[in-house]
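Here's the structure, in structure tokens; my notes come after.
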Amino acid sequence: MPLPPEFHELAKKVNNWGRWGADDERGTLNLITDDVVKRGLACARMGRRFLLAIPLSEEGPQSGAVPGRTNPERSMTAIHKPLVDPSGHSYSDDVVSMGLQAGTHWDSLVHVTYAGRLWNGLDPSVVSESGAARAGIDKAGVIAGRGVLLDVARARGEERLPGGYGITPDDLDASSTRVDVRSGDIVLIRTGQIQVFKEGNRKGYANPSPGLTLATSLWFHERDVAAVATDSLTFEVYPSERKDALLPVHLLNLTEMGLTQGQNFDLEELSAACAEDGVYDFFLEATPEPFVGGLGGPVAPVAIR
């Protein structure tokens, strides 16, 4: 089923192809300039640190809805194994198998494609059995700068948005009254949905889920946001706001705009601290593990207030 005309109209409005050159592989991350990073460093006022990653374990958020996207499985390869060393030392080692997008992660810009379209006009063939030859997660580089929390749930007077609630530009406006969103910012969207995962309900965490709607892509584009992450599995509202597309916001953000997006960020402790003193910006370090050719990359983001 072809995407509707209104989708294509939005796609044209947010399209950034060629903006940073024909060979660009980083998209809106190019907006994080040295000055943006210095602005972010100035937001580390008190030195309080907040880890935004969920634990990596077999009890992760993946429930089998996406085939092959497995929760981390860790096993031991050595337990107090003696070294060939006159000192008599021994060592223990382990190994992990996991989907690169199983836990807290960023999507690469070539994670999705449609109608033969891939970020910046890349040919879909750049993604093969060998992974992403172009614009993989290893090309993201350092992601660090001014982070901004938009606590949509709290702005609506709710601890958690209801499943299936679609976040609108008006919601983003209402949740940004105490902080200005500037070019190069990394925006974190709190819905409260991570609470469902923490309660042990994997399936309920994924579906139904509150999330961003198509119209928010233009909101981020107009403000030249560098990256956006949410505290949900699907990032966008699910079930989808449209019956003719499964995850259309992914297509606008990644394929058309080149906007790096992240999922499964735990924003609960950070949001409580922001609400306590009314300060919603901070320094954020959130560089993904540089898996060569990866379609996504795990990250342990740290917000410093």
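The values are calculated or read from the model by the stated rules, or taken from the named source; none is laboratory data. Owing to the predicted nature of the structure, the values given are computational and were not obtained by experimental measurement. Neighbour counts are summed over all protein chains in view; Cβ atoms, including those assigned to glycine, are modelled from backbone coordinates with ideal geometry.
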Can you run down the residue pairs with Cβ atoms below 7 Å, 6 or more apart or on separate chains, where the first is in region 113-142 and at pLDDT 95 or above and the partner is basic (Lys, Arg)?
Leu122/Arg134; Val126/Arg134; Lys139/Arg26; Ala140/Arg26; Gly141/Arg26
Could you tell me which numbered condition Ser240 fails, if it satisfies all but one of (1) surrounded by fewer than 24 Cβ atoms within 10 Å (Cβ to Cβ); (2) under 19 Å from Gly40 (Cβ atoms)?
(2)
Only residues that are surrounded by 10 or more Cβ atoms within 10 Å (Cβ to Cβ) and either among the charged types (D, E, K, R) or touching a strand residue (DSSP E or B) at 6+ places or on another chain (Cβ under 7 Å) (or both): list them for region 10-20, please.
Lys13, Arg19
Given the criteria surrounded by fewer than 17 Cβ atoms within 10 Å (Cβ to Cβ) and within 22 Å of the chain's Cα centre (by Cα), does Pro67 qualify?
yes
Looking at (1) farther than 25 Å from Ile32 by Cα; (2) modelled with pLDDT of 95 or more, find the lone condition where Asp151 falls short.
(1)
Matching residues in region 140-156 - criterion: being farther than 20 Å from Arg26 by Cα and β-branched (Val, Ile, Thr):
Val148, Val152
What number goes with the only condition from (1) assigned to a helix (DSSP H, G or I); (2) surrounded by 19 or more Cβ atoms within 10 Å (Cβ to Cβ); (3) of a type in the set (Asp, Glu) that Asp266 does not pass?
(1)
Between Phe291, Phe235, which is in contact with a helix residue (DSSP H, G or I) (Cβ under 8 Å, 6 or more places away or on another chain) and buried (at least 19 other Cβ atoms within 10 Å of the Cβ)?
Phe235
Selection status of Leu29, aliphatic (A, V, I, L, M), outside any strand (DSSP E or B) and more than 30 Å from Pro208 (Cβ to Cβ)
yes
Which of the residues that make up region 33-62 are crowded, with 20+ Cβ neighbours inside 10 Å and either closer than 24 Å to Asp94 by Cα or within 16 Å of the chain's Cα centre (by Cα) (or both)?
Leu52, Ile54, Gly60, Pro61, Gln62
Filter region 199-227 for residues that are touching a Phe, Trp or Tyr at 6+ places or on another chain (Cβ under 9 Å) and of a type outside the set (Gly, Ala, Ser); which is farthest from Val152 (Cα to Cα)?
Glu199
The correct count of residues that are free of Cβ contacts under 8 Å to residues at least 24 places away in the same chain and either farther than 26 Å from Gly136 by Cα or surrounded by 12 or more Cβ atoms within 10 Å (Cβ to Cβ) (or both) in region 70-105 is 21
